[in-house]
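Below is one structure, written out as structure tokens; comments come after it.
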Amino acid sequence: MTLLILRAYVLLLSFERALARGEFTRVYRRVRDRACRPSPSNANRERACRAVNIACALYFQQVQCLQRSAVVVCLLRDLGIPATLVIGAQRLPFRAHAWVEVNGQVVNDSESSVQLYGVLDRI
């Protein structure tokens, strides 16, 4: 578990750096190109999400939904779970949000909160 938390923290740092520089396309490509390893397991899914939650709690500043979701997708794919990063938006008032789905189920957010957003992209 400690290794997963450390990996999550390092990924948070790397995505933070790219987003701070305005390099959304870099984050997008890294998530899109992250291959899913074989041998999925539901136990790993819960451990990965828990590790990201802990890493976010230890992070030096508030983690945004895109950064957090990108990390969750990368960890899940590394563990063999075919995760999808979903980016959505709401028109009025304008808001954007990112979350993670596995087999169409939201894994790092509540189902009711993501229903407020129209899906712009699935990575």
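Only one entry of Ile81, Ile87 meets the criterion of being in contact (Cβ under 8 Å) with a residue 24 or more places away in the chain, under 19 Å from Arg37 (Cβ atoms) and touching a Ser or Thr at 6+ places or on another chain (Cβ under 9 Å), and that entry is Ile81. Filtering segment 1-22 to residues that are without any contact (Cβ under 8 Å) to a residue 60 or more places away in the chain, in a helix (DSSP H, G or I) and basic (Lys, Arg) leaves only Arg17. Annotation: of all residues in segment 36-63 being small (Gly, Ala, Ser), touching a helix residue (DSSP H, G or I) at 6+ places or on another chain (Cβ under 8 Å) and at pLDDT 95 or above, the one that is farthest from Ile81 (Cα to Cα) is Ala55.
The values are calculated or read from the model by the stated rules, or taken from the named source; none is laboratory data. Everything quoted here is computed from the prediction, not taken from an experiment. So basically every Cβ, Gly included, is an ideal-geometry build from the backbone, and we count neighbours across all protein chains shown.
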